[in-house]
Amino acid sequence: MSQSVPPVIQAEELNARLDSPDLVIVDLSGDVAYEREHIPGAVNVDAASISASRPPVMGLLPPAQALATVLSAAGIQPDSWVVAYDSENGLKAARFAWTLDAIGHARVSLLDGGLGAWLDAGLPTDDEPTEPTEPAPGSYPAQYRDEHVADKDYILSRLGAPDLAILDARTPGEYGGTDRRALRAGHIPGAVNIDWSRALRGNGDPRLLPAEQLRALYEAHGVTPDKEVIVHCQTHQRSSHTYFALKSLGFQRIKGYPGSWSDWGNDPDTPVEA
């Protein structure tokens, strides 16, 4: 049986486990940043390859076979322990990690604070590309599951349920309707707004808040582990980060909404509050 892994891992802990035989570290920073420096052994994956679009709806899941091709090319197998990070704000890495959850990949972690936290800890980097150990084509049997994915119809069927919390990870302006980024502005009825970045320590520290503070942030808005939580933003990048913040606290019933407001806000028939 595969050893369980933390949903969010600290830089020092990852450094201590770099020799794990089943570990695949994935860098979502982009070619230029990856070639400049990356965590030793990390493989480079294009963040654009793990999402799809049907304008004006963006941030959708790619076809399962296309995702399987990306994972196989990165040397990822169903029993791999995957750790994702990027050199920016962690959103690309979080989206990649959530996508693995969407296919039921059992062992995936987000590096807390990404490359910034790794460098802050004084840990080494490499500038030589890592050639992945590539499995046979199609060896990853990717298939999406409903456990961690919500679509528009599912949300509509659950609106108003007492055991549901819809967490909108966008800015207050987007949530309140003053910052319009779709056909309509506002938010899903009943959704609470917690800008994804409020979960970070700030002041130059890119890591998540300590668990006690993080839990208090969500509980103050009625987001508690006894509820099903659906997270969204504009295209489910920011909310993927929120997803892992919640997962780090032990939340079990969490779903991400691919397409997010670009889907909901561009549908003239969905209910909207402002």
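Structure data summary
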quantity	calculated
Matching residues in the range 49-69 - criterion: being of a type in the set (Val, Ile, Thr) and within 15 Å of residue 257 (Cβ to Cβ)	57
Scan of the range 153-168 for residues that are touching a Ser or Thr at 6+ places or on another chain (Cβ under 9 Å) and farther than 13 Å from residue 255 by Cβ, ordered by number	156, 168
Hits in the range 231-253 - residues which are touching a Ser or Thr at 6+ places or on another chain (Cβ under 9 Å) and not in a helix (DSSP H, G or I)	231, 232, 233, 234, 235, 236, 237, 251
Number of positions in the range 21-39 that are surrounded by 14 or more Cβ atoms within 10 Å (Cβ to Cβ) and part of a loop (DSSP other than H, G, I, E, B)	5
Test: residue in the range 52-63 that is assigned to a helix (DSSP H, G or I) and in contact (Cβ under 8 Å) with a residue 12 or more places away in the chain	no
Residue check, residue 199 farther than 19 Å from residue 150 by Cα, out of contact with any Gly (no Cβ under 7 Å at 6 or more places or on another chain) and modelled with pLDDT of 95 or more	yes
Selection within the range 96-134 - outside the structural domain of residue 60 (by TED's automatic domain parsing) and under 28 Å from residue 52 (Cβ atoms)	129, 130, 131, 132, 133, 134
Failed item in (1) in a loop (DSSP other than H, G, I, E, B); (2) surrounded by 16 or more Cβ atoms within 10 Å (Cβ to Cβ); (3) small (Gly, Ala, Ser); (4) at pLDDT below 95, with residue 72 passing the rest	(1)
Breaking point among (1) exposed (fewer than 15 other Cβ atoms within 10 Å of the Cβ); (2) touching a Ser or Thr at 6+ places or on another chain (Cβ under 7 Å); (3) closer than 27 Å to residue 144 by Cβ, for residue 260	(1)
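The values are calculated or read from the model by the stated rules, or taken from the named source; none is laboratory data. Not measured: the values here are computed from a predicted model. Glycine also receives a Cβ, built like all others from the backbone with ideal geometry; neighbour counts cover every protein chain displayed.
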